[in-house]
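Participant: Have a look at this one.
Throughout, read-outs are computed from the coordinates displayed, never taken from laboratory work. These figures come from a predicted structure and were not determined experimentally. Cβ placement follows ideal geometry from the backbone for every residue including glycine, while neighbour counts extend to all protein chains displayed.
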Amino acid sequence: MSSIRQIQDEIISEFALLADDREATLFYLMELGDKMPPLAGEYKTEDNLIKGCQSKVWLHADYKEGKVFFAADSNTDITRGLISLLVRILSGQTPDAIIDADLDFIEKIGMGQIIGSQRSNGFASMIKQMKMYALGYKTKVAMK
Amino acid sequence: MPANMGEAVKATDNQLNTSAIREQFPVLEREVNGFPLAYFDNAATTQKPLSVINALTEYYSAYNANIHRGVHTLAEEATTAFEQTRAAVRRLVNAREAEEIIFTKGTSEGINLVAATYGKAFIGQGDEIIITGMEHHSNIVPWQMLAEEKGAVLKVIPINERGEISLDEFNSRLSGNTKMVAICLASNALGTVNPVKELITAAHDAGAVVLLDAAQALPHMEVDVQALDCDFLAASAHKMYGPTGVGILYGKRRLLEKMPPYQGGGEMIKEVTFARTTYNDIPFKFEAGTPNIADVIAFKPAIDFINTIGKENIARHEHALLQQATAGFQQIDSVQLVGTAKEKVSVLSFNITGMHPFDIGMMLDATGIAVRTGHHCTMPLMERFAIEGTVRASFAVYNTAEEVDRLIRSVERIAARVKK
């Protein structure tokens, strides 16, 4: 398993070719979203929903052998594309690595703006929720 | 008003000189994501001309003072400028007298004021309030709150597939119990212009008063409160080239005078003792506290801007852009227009099959095109059309045919992706 840093760097270099063309970046993100396996219907529950005024995100987490696994979906294509990147980076990592992750790829691929619009999209809250899951699993393990 | 504004109205085949108009709006020179800004979010707020921006600076640099009651020169100058705006608003909506114009912080506050004062005094248990299915939340929620408090009943006129209401549907809800009819003159989400003249006559015959939400109408069309005979009318300065934080509420004198005050404080009193307070005359009775002096003063040059070009010229220009965009979108298979009423202001709401409005809005922004996406604060209306939201392009006097062409071409590119 590559480290969070390594995967982020891969993504940054993949997007570097598109960096100046925002429309092409968004088209590529939507393509990535199309390719992400859909979240099983049983996980698309109210409990797993991260609400934004416009784009909603469903996030499901699992803990296996010291690692956290994420699956997610969104009702909007661009957000789904961004989520697919987050899942690619954080799924299968240890709780500590997730908690400490500095997710600078969002800025570097020119999508920093989406983090600022917390009220309208669930993506901004999703990162926080992923870290909360990691912290939750870490605490659970420590208490055993 | 800069000298070249006169040029802007000089018609060649009734075409506005949009480049002279655009020069008045510094923000329109901006680039967004490497493209010239094409600003189509005018129904949310319009951009501001230099005359408005300068008036703000001038007030703070030259004669900032609290208004009314001051005896010094600055207070006198500020008061005069403030009241000149009130006079300009009176002329704009053709109210009988300036005292019938109350400054608020926006359309929402104007509607809330009427609900909280007229509603408090004159609407009671079992009385009925009629609104339409296309109202903005700000013309739904204040009435819901009032109805809940008083045990009154809220009735809603449904709208058809094109986004229009019918007089029959209205008349069937109107009765001797109807005390208030609150309706938008033009819809913010669909652009529909409602047949308010007929509604007002019918409402008056039934003994009800009528409030018009003119937030989306006043920037685009002639509005004459005496000819319409509406009882109240609310609008916002920032949607008509003026500053944010200023709204106007027109009310007929005889109604305003018998309404209780809205908020208590300075400015709205005649005499205060601990035993009893007597209230000031209208409009001051409804303007407690220090008002938004700078922005009210800077609203006047916005009204002058509209008057210089002329509402008729503005409407003709915007209508041409609306027609162009509508025709362009009708050529794209996967685009659905939402709101196709016969009478519309320059609002074009649409969706692309299989795409969320949020994605379309983000895609358009990528090439410098600003639109609004979502439910536009009209969730019941979105439910009526069984959609989550729309993309809304709304046109103002400074928009051009070239910009609309860019919008059409961008939507074509986005729609092509879905076909894959």
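Participant: Is there a simple number for the mean count of other chain Cβ atoms within 10 Å of the Cβ of residues in A:54-62, and what is it? All intermediate terms of the calculation are to be shown ahead of the outcome.
Facilitator: Values: counts 11, 5, 3, 0, 0, 0, 0, 0, 0.
Mean partner-chain Cβ count within 10 Å for A:54-62: 2.
Participant: Follow-up question, since we're still on this one. If you count, for every residue in B:361-370, the Cβ atoms of partner chains within 10 Å of its Cβ, what is the mean? All intermediate terms of the calculation are to be shown ahead of the outcome.
Facilitator: On the way: counts 4, 16, 7, 1, 4, 8, 3, 1, 0, 0.
Mean partner-chain Cβ count within 10 Å for B:361-370: 4.
Participant: Right, here's the next one. In the structure shown, do any of A:Lys51/B:Lys239; A:Lys56/A:Lys128; B:Lys105/B:Lys155; A:Lys67/A:Lys108 have a Cα-Cα gap over 19 Å, and if so which?
Facilitator: A:Lys51/B:Lys239; B:Lys105/B:Lys155; A:Lys67/A:Lys108
Participant: Also: For a Förster distance of 41 Å, can you work out the FRET efficiency between the beta-carbons of B:Arg91 and B:Phe122, rounded to the nearest 0.05? It would help to have the intermediate numbers written out before the result.
Facilitator: Details: r = 29 Å, r/R0 = 0.72.
The formula returns an efficiency of 0.90 here.
Participant: Assign unit charges at the C-beta atoms only (+1 for Lys and Arg, -1 for Asp and Glu), then state the dipole size of the protein assembly as shown relative to its Cα centre in Debye, rounded to the nearest 20. Walk me through the intermediate numbers first.
Facilitator: Details: 56 positive and 69 negative charges, 179 e Å.
Dipole size: approximately 860 debye.
Participant: Under 20 Å from a point 7 Å along the Cα-to-Cβ line of B:Gln330: which residues of the range B:377-398 have their amide N that close?
Facilitator: B:391-395
Participant: Okay, moving on. Taking each pair of different alpha-carbon atoms in chain B once, compute 1/r for the pair, average those values, and report the inverse of that mean as the Kirkwood hydrodynamic radius in Å to one decimal. Write out the running numbers ahead of the final one.
Facilitator: Values: mean 1/r = 0.0445 Å⁻¹.
Radius from the Kirkwood sum: 22.5 Å.
Participant: Quick check on packing: order B:229-237, B:333-341 by the mean number of other C-beta atoms within 10 Å, highest mean leading. List each step's numbers first, then the result.
Facilitator: Details: B:229-237: 26.8, B:333-341: 18.3.
Sorting B:229-237, B:333-341 by mean packing, highest first, produces B:229-237, B:333-341.
Participant: Sort B:17-25, B:206-214, A:55-63 by packing, meaning the average of other beta carbons within 10 Å per residue, with the highest value first.
Facilitator: Working: B:17-25: 18.8, B:206-214: 23.4, A:55-63: 21.0.
Answer by packing, highest mean first, reads B:206-214, A:55-63, B:17-25.
Participant: Extending each Cα 7 Å along its Cβ direction at A:Tyr43 and B:Thr353, get the distance between those two points in nm, one decimal.
Facilitator: Distance between label points: 3.1 nm.
Participant: Spin-label point model (7 Å from Cα, Cβ direction): what's the B:His68 to B:Val153 distance in nm?
Facilitator: Here the modelled spin labels are 4.0 nm apart.
Participant: Taking just the alpha-carbon atoms of the range A:4-143, what radius of gyration and Dmax come out, in angstrom?
Facilitator: Values for the range A:4-143 (Cα only, Rg and Dmax): 14.6, 49 Å.
Participant: Is any residue of the range A:71-90 close enough, with backbone N under 19 Å, to a label point placed 7 angstrom from the Cα of A:Gln113 along the Cα-Cβ axis, and if so, which?
Facilitator: A:76-83
Participant: Between the DSSP loop rule and a limit of at most 12 other Cβ atoms within 10 Å, which GluC sites (Glu not before Pro) in the range B:155-262 are left?
Facilitator: Details: sites: B:Glu161, B:Glu164, B:Glu169, B:Glu198, B:Glu222, B:Glu257; in loops: B:Glu161, B:Glu164, B:Glu222.
Taking the range B:155-262 and a limit of 12 other Cβ atoms within 10 Å, the loop GluC sites (Glu not before Pro) found are B:Glu161.
Participant: Averaged across A:30-42, how many Cβ atoms of other chains sit within 10 Å of each residue's Cβ atom?
Facilitator: Numbers: counts 7, 2, 0, 1, 1, 0, 0, 0, 0, 0, 0, 0, 0.
Per-residue shielding by partner chains comes out at 1.
Participant: How large is the charge dipole for chain B, taken about the Cα centre, if only the Cβ atoms of Lys, Arg (+1) and Asp, Glu (-1) carry charge, to the nearest 20 debye? Please report the intermediate quantities before stating the final value.
Facilitator: Working: 39 positive and 49 negative charges, 58 e Å.
The dipole magnitude comes to about 280 debye.
Participant: Quick one, could you list the DSSP H helices from chain B stretching 18 Å or more along their long axis (Cα atoms) with average Kyte-Doolittle hydropathy of -1.0 or above? Mind dumping the intermediate values first?
Facilitator: Working: long enough: B:73-93 (30 Å, -0.12); B:107-122 (21 Å, 0.34); B:293-309 (26 Å, 1.24); B:311-330 (28 Å, -0.74); B:401-419 (27 Å, -0.31).
Result, helices passing both filters: B:73-93, B:107-122, B:293-309, B:311-330, B:401-419.
Participant: Starting from the Cα of B:Ala98, move 7 Å in the Cα-to-Cβ direction to define the label point; list residues of the range B:71-88 whose amide nitrogen is under 15 Å from there.
Facilitator: B:76-88
Participant: Let me ask another. Rounded to whole Å, give me the distance from the Cα center of the range B:202-228 to that of the range A:74-112.
Facilitator: After rounding, the separation between the Cα centres reads 51 Å.
Participant: In the neighborhood of B:Arg406, defined by Cβ-to-Cβ distances under 12 Å, what is the net charge if each Lys or Arg adds +1 and each Asp or Glu adds -1? Working shown, then result.
Facilitator: Working: positive: B:Arg409, B:Arg413; negative: B:Glu402, B:Glu403, B:Asp405, B:Glu412.
So the surrounding residues net to -2.
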